[in-house]
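Here the structure is laid out as structure tokens; the discussion comes afterwards.
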Amino acid sequence: MENPFKYGGIVRGPYFADRTEELAELIREMTNLGRVFLISPRRLGKTCLLFNLMDRLRDLGFAIAYLDLNAYPDIRSFAAALTQVTCKALESNTERLIKILSGLQRLRPKVSVGHDGSLTGTVEVATEDKDALPALLEGMHYAEKLARKKGQRLVIVIDEFSDLPKYDGQTIEKALRAEIQQHEHIGYILSGSEQSVILSMTRDRKRAFYKLGRIMELGPIDRGSYAYFIFGWLHKGKYRFEKRDLEKIFELGKDVPHNIQRLCHNMLELARDSREITPDLIEKLPRVIAQQDSPHFEVLWQAASQLQRALLMALSKEPDAKPFSREFQLTYGIGPSSSIKASLDSLTKKGILFKTLKGAYQFSDTFMPYWISDLKRTEK
């Protein structure tokens with residue numbers, strides 16, 4: 001049996017774990033062509049959820065346009081990409097698509113001919129940089145016009161929408177709101193991993209996206225549903241196991257789908273010959289993964305200062321520690337608070353740590369503390 005526990009990419013179909021309720025909610029929202037701000041910390045399966053949602057919506061007859069905002073460094077590239085994916089979603093015939101795009105003022109089609117003589121149409125902004133935002137709005141306006149003309153429901157999914165402020169501050173937010181609120185044939189899912197950014201966009205009365213749509217926060221998958229998913233594949237592969245033993249996987253993976261998928265993937269590989277999953281095997285999984293990622297962790301470690309390393313060691317030993325407390329500083333011989341703050345800010349910027357909404361600092365990678373723990377044992 002092929003290992004069914006996929007991770008590190010888009011997981012679809014039978015390999016996609018649960019999220020039944022979230023899928024149903026989003027389908028209902030898009031059936032009404034609503035606007036949803038989907039917030040999710042990284043590795044909770046947001047993008048996988050979106051791709052499975054888009055598959056379901058296509059089956060229901062929706063036209064779908066998707067793009068990841070991380071891929072577009074400026075408004076020009078964003079405008080061209082959004083216009084292209086929305087028009088292609090509504091018109092599959094290349095020649096008709098090129099004709100449609102030729103009618104735009106600030107955007108123009110770019111045609112290339114393949115070796116077989118086939119035509120491929122892309123979009124580029126035809127004006128100067130200062131007109132890039134008007135070009136974006138023109139493309140969005142035309143998508144609504146085309147959807148209305150064709151009698152087609154269109155859903156636009158913009159992933160990593162929390163990256164929007166990189167373009168033009170709140171100017172682009174105001175312009176997008178003014179355009180989006182006029183659309184009657186397009187539903188929007190605007191998703192992001194930076195919780196604080198999206199929440200600021202949508203809950204601050206002074207920001208343009210305030211009350212533009214529903215805010216939906218994606219949390220960990222329900223353990224019961226996820227366990228049922230895991231049990232099903234283990235039974236199919238004829239693995240021997242005790243259900244109560246597998247509860248440990250959720251604890252080790254901190255209920256993060258990416259972590260749980262990876263733990264289960266390695267669990268199956270280690271038990272492939274014996275076909276038996278034991279508590280001892282489960283217990284050693286995090287260190288197996290930490291060893292697999294050792295080259296990456298080593299690079300991060302070598303780039304860290306002595307104080308940053310001391311902080312990482314302390315946090316790996318005491319995950320719920322309060323770094324600015326006197327007790328913490330005396331226990332680990334770290335200080336002063338100003339130096340600790342500078343180091344924590346640097347580690348957060350590097351992506352080694354992240355700051356929760358409650359102000360705590362946690363490892364971005366669940367398995368790095370195991371690597372640090374093994375490192376400390378080796379040094380002794």
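For this structure, a couple of remarks:
- Take every DSSP beta bridge whose two residues both sit in the chain; close to 30 percent of them are antiparallel.
- Exposure proxy ranking for Y7, Y226, based on other Cβ atoms within 10 angstrom of each Cβ and starting from the fewest, stands as Y7, Y226.
- Projected label points at K110 and E298, each 7 Å from Cα along the beta carbon direction, are separated by 4.1 nanometres.
- Whether segment 223-292 is rounded, prolate or oblate, judged on the alpha carbon gyration tensor where a/c under 1.5 counts as rounded: oblate
- Helix axis angle, 337-349 relative to the chain longest principal axis, alpha carbon, degrees: 50 degrees
- Amide H contacts of G187 (H built 1.01 Å from N, under 5 Å, at least 5 apart or other chain): L154, V155, I156
- Entry note: the chain has Rg to Rh equal to 1.03, where both radii use alpha-carbon atoms and Rh is the Kirkwood radius.
- Taking every C-alpha pair closer than 8 Å and separated by at least 6 residues, the mean separation divided by the residue count of segment 296-379 gives a relative contact order of 31 percent.
- Segment 1-78 shape via C-alpha gyration tensor axes, a/c threshold 1.5: oblate
- Against the main long axis of the alpha-carbon atoms of the chain, helix 46-59 sits at an angle near 40°.
- Top of K130, K145, K248 by mean-square fluctuation, Gaussian network on the chain, Cα under 10 Å: K130
- Mean projected area (nm²) of the alpha-carbon convex hull when segment 1-133 is viewed from all directions: 11.5 nm²
- Whole-number D in µm² s⁻¹ for segment 243-380, Kirkwood Cα-pair radius fed into Stokes-Einstein, 4 °C, 1.567 mPa s: 80 µm²/s
Where a number appears in this text, it was derived from the coordinates with a stated rule and is not lab data. These figures come from a predicted structure and were not determined experimentally. We place every Cβ from the backbone using ideal geometry, glycine too, and count neighbours over all the protein chains shown.
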